[in-house]
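Colleague: I am attaching a structure below and will ask some questions about it afterwards.
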Amino acid sequence: MTPESTAQRVLDLLPSGFDGEVIVAAGTSSLTRFANSFIHQNMSEVGTSVSLTSVWNGRVSASSGNVTPEGLESFVDRAVAATRIAPPNPDWPGLTPPTEIPSSIPVPDSTAEASPDDRARLVGEFVAAGEDMKAAGYCQTGTSTVVFANSAGHTVSGTTASAILDGIHQTPTSAGSGHAASRTFSDIDATAVGSLAADRARRGVSSIDLEPGEYEVVLAPEAVATLVLFLGFYGFNGKALNEGQSFVRVGDRQFDEAFELFDDGLDERSTKLRFDSEGTPKRRMPLITGGITANAVFDRREAAKAGTESTGHAVTFFGQNFGPLPTDLFVTPGTSAPADLIAGVERGLYVSTFNYVRILDPRTTVATGLTRNGTFLIENGEITTAVSDMRFTQSFAAAVGPGRVLGLGGDARFADSEFGPGIAHVPTARLAGWRFTGGAAG
Amino acid sequence: MFDIASAAVEGAIASGATYADARVIGRKIRDISVQNGDVQAISISEAIGVGVRALYGSSWGFQATDRLTLADAGRAGAQATAIARASTRVPGPPLVLADVPVHQDEFQTRYDEHPLEVSAEEQAGLLVESTRLMLEEPNVAIAIGQLGFWDVDSWLVSSQGHRIHQNLIHSGGGLQAMSIGDGETQVRTYPQSRVHYESAGYEAIRKWDYLAEAPRIAAESAALLTAAEMDECEKPLILDGSQLALQIHESVGHAIELDRILGWEAAFAGTSHLQLPELGRHRYGSDLMNITADATLPGALGSFGYDDEGTPAQSVPIVENGIWVGVLSGRDSASIAGLPPGGMVRADGYNRLPMVRMTNVGLLPGDSSLDQMIAATDDGILMSTNRSWSIDDRRLNFQFGCEIGWEIKNGERGRMLKNPTYTGITPRFWGTLDMLAGESERVFWGTPNCGKGQPVQVGRTGHPAMPARFAGVRMGVRG
């Protein structure tokens with residue numbers, strides 16, 4: 001059966017009086033992992049999953065599994081039985097009506113056809129870029145076809161494609177990271193990614209411990225990606241806003257004029273679907289424009305509570321406790337080269353990556369975490385020495401507040417983040433201050 | 001299902017693998033969540049498939065499929081070998097798996113009441129009533145209840161003759177009361193932060209008596225809105241058992257994973273501050289610190305009969321009288337390190353590689369009590385229930401926040417404190433452990449959400465812990 005016919009069959013099996021929405025996803029995901037400069041884990045999986053939300057008399061249940069064609073009938077029977085005994089769910093927002101969805105971008109051949117040998121070749125090139133160092137990381141490729149259908153007659157489909165190379169080079173005393181992500185496997189330049197990681201590791205061989213305190217910073221794209229994801233997940237999340245847990249005040253000047261943030265699931269560079277888990281089409285959503293908070297994002301449930309419409313940001317049923325999320329975040333880049341941003345700093349820090357970041361207070365986005373894989377002291381516009389990893393305790397919203405963004409690079413790309421790769425497309429950023437609360441020694 | 005797993009192994013061996021193992025894993029999960037008296041989700045997830053791992057030369061390959069026919073399983077085995085062959089393009093040192101006894105056996109989690117045989121209606125009803133009780137406190141804006149139940153069957157076959165079927169039953173859940181004040185949120189949870197799970201049936205939910213505790217956590221979350229903020233200080237810190245469980249998980253459990261020590265997780269989860277030449281000599285903490293990794297504890301979340309390589313569950317000493325003596329390992333990592341395999345390799349479902357995971361990593365009890373610790377403290381802080389956690393990639397530099405704290409003055413619990421945090425360096429912190437509660441206050445805390453590996457795998461770990469006092473700790477660091 002095709003994903004389309006499977007989805008329709010599931011809806012057809014629902015008894016009279018039941019509504020349903022079904023998502024069928026079929027695909028392949030492969031990941032080649034390396035450490036100590038050799039491939040130590042190498043996996044691939046193929047499969048088809050079916051997710052059904054069934055609704056009857058205001059009662060709702062969600063079922064999912066990898067179901068064979070012969071198993072569809074019993075799968076639906078179990079879902080129906082669960083729905084009949086579910087208590088009423090007054091928050092059920094109803095089904096998405098038939099809506100046009102922009103057609104999806106074809107899966108690039110190089111991604112669809114990437115083999116274990118192809119991934120191993122990229123790993124080999126990454127490793128070779130760091131002579132005499134120890135390399136670790138992964139190369140991943142994946143494609144999927146996803147069909148959404150509901151009993152209101154709305155059916156849409158799309159494809160996803162992703163290729164990622166992420167890794168570090170290590171010396172006995174330092175590590176440096178590199179990362180590339182794209183829809184197109186052949187776009188990945190493993191030597192360039194490996195060379196950046198090796199350069200950061202080499203520069204970090206001799207590091208100093210720095211006193212805690214507030215420092216001006218230049219954040220590489222990986223660190224900026226984590227910053228904007230925390231803003232997106234804890235602030236621009238419509239559920240957090242509805243519940244009074246968000247810092248977001250739509251219409252207020254909460255951010256620096258230079259810091260423009262939007263979510264755009266229709267961008268051609270996005271690796272994801274052009275509709276959300278409720279079948280609502282993606283759109284370009286300005287979140288921060290000219291320093292002013294422009295919007296939050298909503299799914300159907302939270303939109304109904306807020307008296308607005310869904311913006312196409314529903315995540316899977318299991319995620320609804322966390323609310324709607326922006327998953328295609330873009331920061332409008334500046335024009336500066338990263339070196340020029342560094343050149344403007346009298347005394348500050350260059351941070352390659354943040355690690356293990358956790359929110360302390362969602363209403364102020366104060367979070368704590370550490371630097372990792374390349375932290376450097378900037379003095380008189382030049383990187384002078386490596387710095388041991390430092391702990392920070394910092395409000396992310398305040399870090400990009402009015403007057404705090406001193407420059408943005410022209411080097412925007414999909415960067416890895418605390419919540420994973422492929423979610424934020426961001427440049428290097430120079431910020432007026434970042435509060436470091438501890439060094440490696442405590 | 002043994003025939004499917006056998007076909008996968010045979011497919012791998014026929015294609016040139018020198019060793020192969022395969023797991024058919026079928027998992028049924030029921031999750032229920034309720035917010036403010038309304039059911040948010042009743043979710044049922046059922047997944048089954050086969051994953052096969054092949055060793056070719058010194059390189060591994062793994063293929064998973066949800067097509068459960070003998071032919072598809074055989075093809076998956078052949079593909080696993082092909083992937084292992086591709087791995088040899090960037091090869092590692094020679095690998096010989098550590099020997100383990102070959103078992104053909106069954107294992108079943110002990111339970112009184114199968115959680116999936118209790119109706120979802122009854123389970124949701126418990127949460128509806130619990131959240132309504134929390135909302136009786138006027139300051140509580142968000143009251144959440146969650147329950148989750150796992151019923152997992154696995155059939156393991158290896159080319160060395162392993163043939164093991166296990167059925168693991170896990171039950172857990174929790175409550176959360178959130179009060180929202182002027183520019184702040186305050187949270188209290190029960191039984192612990194987020195959720196608490198056990199290897200048990202529905203009796204594991206009944207015994208925690210959510211209805212009795214819901215009003216207490218609601219009242220505490222409201223009281224925190226007007227509680228004093230904690231000042232930055234350095235003084236004795238008393239942790240409750242659930243926070244100590246988190247402390248063990250982050251600063252001991254991950255640090256003793258042999259794959260991290262060997263550098264296999266360097267790019268993602270991280271490495272470890274521990275170095276193998278220091279095993280048996282490194283001082284991890286004070287003499288009161290005795291830690292085991294014990295997969296045999298009845299009811300603890302990290303218990304099983306055999307790990308996913310077929311090694312029997314066992315209790316392994318990790319820290320003895322403050323000295324580091326053991327690691328968490330599997331057959332390949334143990335062989336490389338020259339240590340006996342610990343039987344701690346697990347896979348998060350049929351479509352994931354088995355990897356080193358915590359079992360039940362926890363403290364052996366001391367001879368004190370929470371009341372005695374408070375009475376013996378002139379000027380200190382008591383903290384309860386984790387709210388935030390962050391630790392570096394070597395598991396050395398940590399900062400943890402708790403939901404609630406209290407001043408301890410002259411041997412008595414004083415005023416409530418909001419937003420308490422503490423920070424430290426792992427061996428220095430454990431070195432200040434000077435009082436430890438006894439067996440009567442030990443709980444097998446269960447954490448169902450330990451992330452590790454790429455693709456990310458979610459592990460389910462247990463942490464026996466009880467209240468403890470640390471002599472001098474830096475607290476109250478803020479941004």
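The numbers here are math on the coordinates, done by the rules we state, and not lab data. Computed from a predicted structure; not experimentally measured. Positions of Cβ are generated from backbone atoms using ideal geometry, with glycine treated the same way; all protein chains shown enter the neighbour counts.
Colleague: Arranged from highest to lowest average of other beta-carbon atoms within 10 Å per residue, in what order do the peptides B:354-362, B:3-11 appear?
Modeller: Answer by packing, highest mean first, reads B:354-362, B:3-11.
Colleague: Once the principal axes of the Cα atoms of region A:213-350 are found, what is the range along each, listed largest first in whole angstroms?
Modeller: Sorted largest first, the three principal extents are 50, 33, 26 Å.
Colleague: In a solvent-free Debye calculation with one equal scatterer on each Cα, what is log10 I(q)/I(0) for region A:335-426 at q = 0.10, 0.13, 0.22 Å⁻¹, listed in the order of the q values?
Modeller: So the normalised log intensities are -0.29, -0.51, -1.44.
Colleague: Separate question: Extent of region A:131-250 along each principal axis, from alpha carbon coordinates, in Å, largest to smallest?
Modeller: If we take the Cα atoms of region A:131-250, the spans are 63, 40, 18 Å.
Colleague: In addition: Between region B:427-458 and region A:1-53, what is the C-alpha centre distance in whole Å?
Modeller: 35 Å
Colleague: In percent, how large is the relative contact order of chain B, given Cα pairs closer than 8 Å and 6 or more residues apart?
Modeller: Dividing the mean separation by the residue count of chain B yields 16 percent.
Colleague: May I ask you to order B:333-343, A:100-110 by the average number of other C-beta atoms within 10 Å around their residues, highest value first?
Modeller: B:333-343, A:100-110
Colleague: Here's another thing I want to ask about it. When you take every Cα atom in region B:205-309, what is the radius of gyration, and what is Dmax, the widest Cα pair distance, in Å?
Modeller: Cα radius of gyration and Dmax of region B:205-309 are 19.3, 53 Å respectively.
Colleague: Now a separate question. Using only Cα atoms, locate the centre of region B:172-244 and the centre of region A:143-157, then give the distance between them in Å, rounded to an integer.
Modeller: 41 Å
Colleague: To continue, here is another question. The protein assembly as shown: D in µm²/s via Stokes-Einstein (Kirkwood Rh, Cα pairs, 4 °C, 1.567 mPa s)?
Modeller: The calculation lands on 46 µm²/s.
Colleague: Sticking with this one: How many percent of DSSP beta bridges within the protein assembly as shown run antiparallel, rounded to 5?
Modeller: Counting DSSP beta bridges with both partners in the protein assembly as shown, the antiparallel share is about 90 percent.
Colleague: Among the DSSP beta bridges whose two residues both lie in chain A, what percent are antiparallel, rounded to the nearest 5?
Modeller: 90 percent
Colleague: Right, next: Using every Cα-Cα pair within region B:2-224, state what percent have a distance larger than 21 Å.
Modeller: 64 percent
Colleague: Could I ask something else about it? Mean separation of Cα pairs under 8 Å and 6+ residues apart, divided by the residue count of region A:206-442: what relative contact order is that in percent?
Modeller: Relative contact order of region A:206-442: 30 percent.
Colleague: Taking the Cα centre of region B:1-146 as origin, sum charge times position over the Cβ atoms of Lys and Arg (+1) and Asp and Glu (-1), and report the length of that vector in debye to the nearest 20.
Modeller: Roughly 1060 debye, rounded to the nearest 20.
Colleague: Also, I was wondering about something else. For chain A, set up a Gaussian network in which alpha carbons nearer than 10 Å are linked by springs, and say which option among A:Ala175, A:Ala220, A:Ala343 fluctuates the most.
Modeller: Looking only at A:Ala175, A:Ala220, A:Ala343, the largest GNM fluctuation is found for A:Ala343.
Colleague: While we're here: State, to one decimal in nm², a quarter of the convex hull surface area for the C-alpha atoms of region A:3-200, i.e. the direction-averaged projected area.
Modeller: With the hull built on Cα positions only, its mean projection is 14.2 nm².
Colleague: What does the structure give for B:324-335 when I average, per residue, the other chain Cβ atoms found within 10 Å of the residue Cβ?
Modeller: 0
Colleague: Average projected area of the Cα convex hull of chain B, in nm²?
Modeller: 22.1 nm²
Colleague: Further, regarding this structure: Averaged over A:64-77, how many beta carbons belonging to a partner chain fall within 10 Å of each residue's beta carbon?
Modeller: Taking all residues of A:64-77 together, the mean is 3.
Colleague: Over 24 Å between C-alpha atoms is what I'm after, so list which of A:Lys134/B:Lys452; B:Lys207/B:Lys235; A:Lys239/A:Lys282; B:Lys235/B:Lys418 land there.
Modeller: Flagged as over cut-off: B:Lys207/B:Lys235.
Colleague: While we're on this one: Over what distance in Å are the Cα centres of region B:97-168 and region B:330-345 separated?
Modeller: Answer, in whole Å: 28.
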